[in-house]
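Some notes on the structure that comes next.
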Amino acid sequence: MRSWRSIVLWITGGVSGFALLYVIFAHLFAASHRMSPDARDFGDGFGDPAAFASTYTVRKHGELSHALRGGALVVEGGGKTGDEILFATSSRRYDDGVVTLRFRAPDTDAVETFLGFEQTGTGRTVTAGFVGGAAPFVRIGGDVSGPLRAGTGSQDARVEAAPGEWHTLAVQFTPVHGMISAALDGRPLLGVHAGWFQGTEARIVFGARLRSDTPKVSVELDGLEMHTLDWAILKSFDETFSGEFVDVKRWSFELPQPDLGTTDVHIEKGKGLLVDAKMRGIIVDPSFIFLIKTFPFPLHGFRIAAELTVEDLEDATLFVGLMGASAWTSADRVFDVGVVRHKAEASVFAAGAWNANGGLAFDRGAEVALPHRLSCELRYDAATGMGQATIDGKAYDPHLLDLKALDIVSVRIGAIGHSAGAKARLHVHRIAVEMR
């Protein structure tokens, strides 16, 4: 039998433990409210000097100057390599969203026009920058190679950009996927793993930076817009990719680093979204060749219908479907249909997290010859938790998915490669999502 002393110590220890847990949970509850996103949608054409002065902080290093002229923000002057002028908004807590900047830069590689985010407190920035000249390119920097590393890296991609014309640089902030991505004129280009989370406090930053000693440059900035994504609901949509640009307010992109692969993503008039991706190297088998996905949303009943032409597929798996998209809903929890090709033969399949042990189940279907017009459909009943796939008119057996109603998910199109020579080329003609 325990002594009274031990009983008292056990009780008081339990009370202390309860108090400690209470303090911890209270702290987490308060912290979650402090980290709740408070960023707002806005658009600024830089036409009002008083509004500009109250909205932006100006930081200068060197001799570049700025002026509001003709409804635009003009950066001009000359200086030495590394000179820059930076404009920063006030600090906000950000969730998924996209910020865009319309600009016109000179036909020279001496100046970089940049846009991105600066984390409050640390001062760490993730920015995308456009560089003109004979071989224009977009650069994005701020990659974190490990969760405990503060070091950053950068990468760049060559682009097609007529000199002296107006362009739109977009930066997508998608912390639920750990990504910040860049696009030029609606054409997805690059992404980095920022290591930031939902509710990260940051400032939007933009401006111009000299890349070499230059006597005189002039950059025009005409329009900064921020569009936040509401997690509350993903509205039904029917996407045919018939416009001039990919809608970066709907789709986010993960593309391999240039040393691991090349990916061309753009809209071809009358054909839909072209994706032409090739792996140069591979770190693990499999590795993503590309991944295109909607911004995250809570899972409800849905119907996804897709039409695409798989033109080429080598040692790769192409898929269309749904993926978990948060720390609480693992990306391994999926519901997909697609085409897989390892050797000579290619075949359709349905796959999903419906095994009792949490593993991925795989239903292989008919062999197909490439190119192949793929017509597929996915249905999910939130009341029963059942999902069913239909491929080229053939209905597969329904399954009880591991995904549950209100799990945070994204609709996705992507491919994984199984070797350094893997490649995928396809046109996405249509993808429709009907929320129920």
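When Gly43 is tested against (1) in a helix (DSSP H, G or I); (2) exposed (fewer than 12 other Cβ atoms within 10 Å of the Cβ); (3) at pLDDT 75 or above, exactly one condition is not met: (1).
Annotation: of all residues in the stretch 235-264 being among the hydrophobic types (A, V, I, L, M, F, W, C) and part of a loop (DSSP other than H, G, I, E, B), the one that is farthest from Glu307 (Cα to Cα) is Leu260.
Matching residues to (1) in contact with a strand residue (DSSP E or B) (Cβ under 7 Å, 6 or more places away or on another chain); (2) at pLDDT 85 or above; (3) of a type in the set (Phe, Trp, Tyr); (4) in the same structural domain as Thr263 (by TED's automatic domain parsing):
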site	(1), (2), (3), (4)
Asp109	yes, yes, no, no
Thr122	no, yes, no, no
Val126	yes, yes, no, no
Val131	yes, yes, no, no
Val138	yes, yes, no, no
Leu148	no, no, no, no
Asp156	yes, no, no, no
Thr174	yes, no, no, no
Leu184	yes, yes, no, no
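Among the conditions (1) surrounded by fewer than 19 Cβ atoms within 10 Å (Cβ to Cβ); (2) modelled with pLDDT under 85, Gly142 misses just one, which is (1). Taking first residues from the stretch 365-394 that are surrounded by fewer than 14 Cβ atoms within 10 Å (Cβ to Cβ) and partners that are of a type in the set (S, T, N, Q) and in a strand (DSSP E or B), the Cβ contacts under 7 Å between residues at least 6 apart in sequence or on separate chains come to Ala366/Ser347; Glu367/Ser347; Arg373/Thr309.
Suppose we filter Thr390, Thr384 for residues that are among the hydroxyl-bearing types (Ser, Thr, Tyr) and in contact with a Cys (Cβ under 9 Å, 6 or more places away or on another chain); which single one remains? After applying the criteria, what remains is Thr390.
In this structure, does Ile408 turn out to be more than 29 Å from Glu345 (Cα to Cα), touching a strand residue (DSSP E or B) at 6+ places or on another chain (Cβ under 6 Å) and either in the same structural domain as Val320 (by TED's automatic domain parsing) or loosely packed, with under 14 Cβ neighbours inside 10 Å (or both)? Yes, satisfied. The residue that is surrounded by the fewest Cβ atoms within 10 Å (Cβ to Cβ), counting only those in the stretch 214-234 that are more than 21 Å from Leu101 (Cβ to Cβ) and at pLDDT below 80, is Ala232. When each of Asp312, Asp285 is tested for being part of a strand (DSSP E or B) and either at pLDDT below 90 or not hydroxyl-bearing (Ser, Thr, Tyr) (or both), the lone residue that passes is Asp312. Of all the residues in the stretch 335-376, those that are outside any strand (DSSP E or B) and either acidic (Asp, Glu) or in contact with a Gly (Cβ under 9 Å, 6 or more places away or on another chain) (or both) number 4.
The values are calculated or read from the model by the stated rules, or taken from the named source; none is laboratory data. Keep in mind it's a predicted model, so treat the numbers as computed, not measured. Cβ: placed from backbone, ideal geometry, glycine included. Neighbour counts: every protein chain shown.
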